[in-house]
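Colleague: First the structure, which I've put down as structure tokens, then a few questions once you've had a look.
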Amino acid sequence: MLYCQYCRKKIDEDLVFCPVCGEVLVEEDTEWQEFQLQEEVDEAKDRANMYIISAIVLVTVGMMGGSILFISPSLLGLFGIVLVCLGIGCTAAADRYERKARNLKKQLSRCN
Ligand SMILES: [Zn+2]
């Protein structure tokens, strides 16, 4: 038994058209869909990693800059605090992309 990739109804394996929704069922299409989904998962993961690295760098550099404020108030110290804030923003973006990757992976496992 196979599932229609369009309406998700159970159908016979050797059918060319889905009897429920009438969509063309070609093997290559499913594989192509999976391939595209996998690409999207990889891209989302790459973005998430990129944001995590940016966040680490920004927060580390920002903390170093910010610590100058304890010694003397300076523009560099304020700049450090701005960097830390940007870093926190990056972790939020990374989280969004990680969630996207997870959702896409769920979609992918439904295909198989
Ligand atoms: Zn169908």
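The values are calculated or read from the model by the stated rules, or taken from the named source; none is laboratory data. Everything quoted here is computed from the prediction, not taken from an experiment. Surface areas here come from the heavy atoms of the whole protein model, side chains and all, with no ligands, DNA or RNA. Shrake-Rupley method; radii C 1.70, N 1.55, O 1.52, S 1.80 Å.
Colleague: From Cα pairs below 8 angstrom and at least 6 apart in sequence, can you work out the relative contact order of the chain, rounded to a whole percent?
Modeller: For the chain, the relative contact order is 27 percent.
Colleague: What are the extents of the Cα atoms of the stretch 16-103 along their three principal axes, in Å, largest first?
Modeller: 75, 18, 15
Colleague: Tell me the carbon and sulfur percent of the accessible area for the chain, rounded to whole percent, probe radius 1.4 Å.
Modeller: 61 percent
Colleague: Here's a follow-up. Measure nothing fancy, just the Cα-based angle from helix 75-111's long axis to the longest principal axis of the chain, in degrees from 0 to 90, nearest 10.
Modeller: Helix 75-111 sits at roughly 10 degrees to that axis.
Colleague: What is the helix-to-structure angle for 27-71, meaning the angle in degrees between its Cα long axis and the longest Cα principal axis of the chain, kept from 0 to 90 and rounded to the nearest 10?
Modeller: Value to nearest ten degrees: 10.
Colleague: Also: Among Cys18, Cys7, what's the order by accessible area (1.4 angstrom probe), most exposed first?
Modeller: Largest to smallest exposure gives the sequence Cys7, Cys18.
Colleague: Whole number in Å², please: accessible area per residue of the stretch 1-92, 1.4 Å probe, ligands, DNA and RNA not counted.
Modeller: Dividing the accessible area of the stretch 1-92 by its residue count gives 72 Å².
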